[in-house]
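What follows is a set of notes on a single structure, which appears directly below.
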Amino acid sequence: MKKSWEENIRKVVPYTPGEQPDQPDMIKLNTNENPYPPSPKVEEALKNLDTDTMRLYPDPTSKELVRAIAGVYGLNEEQVFVGVGSDDVLAMSFLTFFNSQKPILFPDVTYSFYDVWAELFRIPYTRPALDENFCIKKEDYFQENGGIVFPNPNAPTGIALPVADIEEIVKRNKDVVVIVDEAYVDFGAESALPLIEKYENLLVVQTFSKSRSMAGMRIGFACGNPVLIKYLNDVKYSFNSYTMDRTAIKAGAASVKDEEYFKAACRRIIDTREWAKSELEELGFSFTDSKANFIFASHKTCPAEELYRVLREAHIYVRYFPGERTGNYLRITVGTREEMEKFFAFLKEYLQNR
Ligand SMILES: *Cc1c(COP(=O)(O)O)cnc(C)c1O
């Protein structure tokens, strides 16, 4: 029985993050982390950190980081908002922009944090179904709504929507805010970032967690019209003024300035992904045309749940999402070439002797 003090508690079913196992021999392909270290410039910045400054609160505006991001993307500082990973940026954005009685829209198969935030903040929502090939149908987003959010490329499918389709969605929804979550855009999809100059109602969110190898540092950002960014900051300052700590500000600024290293690391992952697709095909998998650092794949005879389990026993971790549409797929993060070779060697052996 519920105790009386439990009656008025804000209850929510939390998001389940991917496992973070800790085995020395593991191959970790389950949470879309980058297998390569961050830029050497980050290490240098951390070495130069003055611990005495930790006495003092960090800059609430995170100016150094905001300036570095604005510089790299050719934006003004007023167009950039930073947060503790894009999860923080997205949560603040839901709280700020999705305040209508009308339901917000996001796909039925997508990042599973969206419905958790919607529930947490009591935002009504509708989830238009992806088509039979797991593609977003843009027409579904032409109905009346209280806001729109989707990842591009989508997760866990990796399928990217052409920017022309995104523009059409934004253009047809000028009375609401459209959020494009570009967590994986650096691995080969086209960014909607240039459109923020043209559309006041577009917010583009990115993260340092995947393409910049800094999931452990927790840095995300949003770009949009200065008015949108101002509203976002008003909510942030009403919640927690000092979101970004001194270390994150320094490390993030150093990372974003090293374009060359960043591009080369993304390139390596794209190359490994395309090679991994051919290996998967040979082993009897079908998969979506991922433009992200993961592949969403299904085997023609072996159930995904079984593969997930046997891989796990071998300390090879991939992500499995039970459910009607996703239950026969594995989401496999692209690791290093060596990690992927071990992964494929295990699969080959297992599928042959099954
Ligand atoms: C990983 C991910 C995020 C959040 O990443 P942070 O580590 O919080 O920056 C947001 N959206 C999608 C679709 C993701 O896959």
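Points worth noting:
- Qualifying residue in segment 119-135 (condition: in a helix (DSSP H, G or I), modelled with pLDDT of 95 or more and not aliphatic (A, V, I, L, M)): yes
- Taking (1) assigned to a helix (DSSP H, G or I); (2) under 18 Å from ASP59 (Cβ atoms); (3) open to solvent by 10 Å² or more (accessible area, probe 1.4 Å); (4) within 16 Å of the ligand (Cβ to nearest atom) in turn, ASN240 satisfies each apart from (1).
- Any hit, segment 125-134, residues being at negative phi and buried (at least 22 other Cβ atoms within 10 Å of the Cβ): no
- Tabulated pairs, segment 48-66, first open to solvent by less than 70 Å² (accessible area, probe 1.4 Å), second of a type in the set (Val, Ile, Thr) and not in a helix (DSSP H, G or I), C-beta under 8 angstrom, 6+ apart or interchain: SER62/VAL82; SER62/THR243; LEU65/VAL82; LEU65/ILE219; VAL66/VAL80; VAL66/VAL82
- Single unsatisfied condition, TYR141 versus (1) touching a residue at least 24 places away in the same chain (Cβ under 8 Å); (2) open to solvent by 60 Å² or more (accessible area, probe 1.4 Å); (3) away from the ligand (no atom under 16 Å from the Cβ): (2)
- Residue satisfying condition, being within 16 Å of the ligand (Cβ to nearest atom), out of contact with any helix residue (DSSP H, G or I) (no Cβ under 7 Å at 6 or more places or on another chain) and of a type in the set (S, T, N, Q), within set SER86, SER100, SER62, SER93: SER86
- Counted residues, segment 24-57 - those being of a type in the set (A, V, I, L, M, F, W, C) and in contact with a His (Cβ under 8 Å, 6 or more places away or on another chain): 2
- Counted residues, segment 274-320 - those being open to solvent by 10 Å² or more (accessible area, probe 1.4 Å) and in a helix (DSSP H, G or I): 14
- Odd one out for ASN353 among (1) modelled with pLDDT of 95 or more; (2) open to solvent by 60 Å² or more (accessible area, probe 1.4 Å); (3) more than 30 Å from ARG127 (Cα to Cα): (1)
- Per this entry, ASN154 is counted among residues that are of a type in the set (S, T, N, Q) and under 13 Å from PRO107 (Cα atoms).
- Any hit, segment 275-285, residues being touching a Pro at 6+ places or on another chain (Cβ under 9 Å), closer than 27 Å to ASP131 by Cβ and in contact (Cβ under 8 Å) with a residue 40 or more places away in the chain: no
- Residue within segment 96-107 that is within 16 Å of VAL185 (Cβ to Cβ), open to solvent by less than 40 Å² (accessible area, probe 1.4 Å) and of a type in the set (Val, Ile, Thr) present: no
- Filtering segment 14-73 to residues that are within 22 Å of the chain's Cα centre (by Cα) and among the hydrophobic types (A, V, I, L, M, F, W, C) leaves ILE27, LEU29, VAL42, LEU65, VAL66, ALA68, ILE69, ALA70, VAL72.
- Contact annotation: residue pairs with Cβ atoms under 8 Å, 6 or more positions apart or on different chains, pairing a residue in segment 195-218 that is within 20 Å of ALA253 (Cβ to Cβ) with a partner that is acidic (Asp, Glu) and open to solvent by less than 40 Å² (accessible area, probe 1.4 Å), are VAL204/GLU182; VAL205/ASP181; VAL205/GLU182; GLN206/GLU182; ARG218/ASP88.
- In segment 154-171, the qualifying residues are those that are assigned to a helix (DSSP H, G or I) and farther than 16 Å from SER191 by Cβ, and the one that is most open to solvent (accessible area, probe 1.4 Å) is LYS171.
- Members of segment 103-127 that are away from the ligand (no atom under 12 Å from the Cβ) and under 17 Å from ASN173 (Cβ atoms): PRO103, ILE104, LEU105, ILE123, PRO124, TYR125, THR126, ARG127
The values are calculated or read from the model by the stated rules, or taken from the named source; none is laboratory data. Only a predicted model underlies this, so the values are computations on that prediction, with no experimental measurement involved. Methodologically, a virtual Cβ is constructed for each residue, glycine included, from the backbone with ideal geometry; neighbour enumeration extends over all protein chains shown. Heads up: the accessible areas ignore ligands, DNA and RNA and are worked out on the full protein's heavy atoms, side chains in. Shrake-Rupley method; radii C 1.70, N 1.55, O 1.52, S 1.80 Å.
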